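Structure first, commentary second.
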Amino acid sequence: MLEKGEFVVTAEIGAPHGADSNLIVERTEMVRDYCDAINIPDNARGVPTMSSTICAHYVLQNGAEPIMHLTTRDRNRISIQSELYGAYAVGIRNVLFVAGDHARYGSHPDAKVVYDLNTINALVLATKLRDGTDFAGDELEGVPEFYIGATFNPNVSSIEEHVIQTEAKQNAGAQFFQTQAIFEPEKLKDFMGMASGLNLKVLAGIIPLRDVEMAEFMNTQMPEITIPDEIIKRIEDAGKGLNEEARIKEMQKEGIRIALETLEKVRRINGINGVHLMGVGWTESIVELVKGANLFPRPE
């Protein structure tokens with residue numbers, strides 16, 4: 001769809017914090033008809049969850065197209081190649097390479113991080129595998145040919161440097177990009193303006209905020225995400241003076257409204273090829289966003 005120039009919708013669902021495969025099946029079934037592909041994070045924020053490869057396999061078994069995340073934080077070059085071979089063998093065709101938040105931000109802050117390869121090196125590795133040899137140059141028994149993605153963050157202070165880094169990822173083999181969550185579309189517009197000559201295929205990240213506590217947590221605990229004060233105030237004001245049940249409902253409604261406003265703004269930015277919806281702990285919000293943005297039904 002990206003290669004054809006169609007507007008793409010991807011949805012990110014949480015990997016189970018444990019071994020209950022039914023959860024990944026339920027989440028897949030909830031969003032399957034409302035997106036074109038489903039992203040599976042790989043131990044996001046350094047919290048151990050079910051293997052992204054296994055989750056992606058369940059997504060595929062349940063009639064959806066998976067995008068498997070692969071972090072370089074937890075693996076060396078041997079492990080990355082092994083994971084890619086296995087993923088391709090079970091039918092996974094899309095991989096998104098990410099560095100991964102440092103372990104100090106997660107539930108195991110003393111865990112050793114690997115970072116044997118950075119994201120650019122990992123993209124080079126995956127591209128090299130397509131030529132039929134491994135990273136050491138030895139011939140492969142079966143060639144994994146993935147559609148390869150990477151990320152960029154338009155929220156950074158030095159956009160110019162980040163555009164250069166994004167170009168390096170593209171040159172290393174990235175065929176599409178997903179962005180960090182967008183709360184200030186103007187920053188994404190500035191980034192895309194500077195990167196206009198690269199002809200990137202970009203899916204803009206959207207996270208609906210379900211309450212003020214979530215917004216404040218993201219502001220303090222998620223590196224390089226800043227939620228403007230006026231957005232936090234809108235969500236806070238929506239629930240003021242109400243009992244707890246009504247407060248939660250009104251804050252969620254306001255969170256959806258804000259996300260839809262953001263989505264509409266990013267759709268108008270030149271060079272944006274789709275949206276990446278992340279229902280962090282709130283999978284059903286993805287359905288509301290797709291319907292609210294008139295992006296349903298999806299193309300066959």
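So how many residues does region 219-247 have that are in a helix (DSSP H, G or I), touching a residue at least 24 places away in the same chain (Cβ under 8 Å) and hydrophobic (A, V, I, L, M, F, W, C)?
Selection size over region 219-247: 2.
Does region 99-117 contain at least one residue that is in contact with an Asp or Glu (Cβ under 7 Å, 6 or more places away or on another chain) and at pLDDT 95 or above?
no
Within region 1-35, which residues are part of a loop (DSSP other than H, G, I, E, B) and among the β-branched types (Val, Ile, Thr)?
13
So that you can scan it fast, the table gives a plain yes or no per residue for (1) under 22 Å from residue 41 (Cα atoms); (2) buried (at least 21 other Cβ atoms within 10 Å of the Cβ); (3) of a type outside the set (A, V, I, L, M):
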{"position": "132", "(1), (2), (3)": "no, no, yes"}
{"position": "171", "(1), (2), (3)": "no, no, yes"}
{"position": "178", "(1), (2), (3)": "yes, yes, yes"}
{"position": "206", "(1), (2), (3)": "yes, yes, no"}
{"position": "212", "(1), (2), (3)": "no, yes, no"}
{"position": "215", "(1), (2), (3)": "yes, yes, no"}
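Would you mind stating whether residue 166 is crowded, with 17+ Cβ neighbours inside 10 Å and among the polar types (S, T, N, Q)?
yes
Of the conditions (1) over 17 Å from the mean Cα position of the chain (by Cα); (2) surrounded by fewer than 16 Cβ atoms within 10 Å (Cβ to Cβ); (3) closer than 25 Å to residue 83 by Cα; (4) of a type outside the set (Asp, Glu), residue 199 clears all except one; give me its number.
Only one criterion is unmet by residue 199, namely (3).
Across region 124-143, what is the number of residues that are in contact (Cβ under 8 Å) with a residue 24 or more places away in the chain and either basic (Lys, Arg) or not in a loop (DSSP other than H, G, I, E, B) (or both)?
Residues that pass the stated criteria total 5.
Test residue 12 against the criterion of being closer than 22 Å to residue 148 by Cα, at pLDDT 95 or above, among the acidic types (Asp, Glu) and surrounded by fewer than 18 Cβ atoms within 10 Å (Cβ to Cβ), and give yes or no.
No, not satisfied.
Among the residues of region 230-249, is there at least one that is surrounded by fewer than 19 Cβ atoms within 10 Å (Cβ to Cβ), modelled with pLDDT of 95 or more, under 28 Å from residue 176 (Cα atoms) and out of contact with any Pro (no Cβ under 8 Å at 6 or more places or on another chain)?
The answer is no; no qualifying residue exists.
The values are calculated or read from the model by the stated rules, or taken from the named source; none is laboratory data. Keep in mind that this is a model prediction, so the values were computed, not measured. We place every Cβ from the backbone using ideal geometry, glycine too, and count neighbours over all the protein chains shown.
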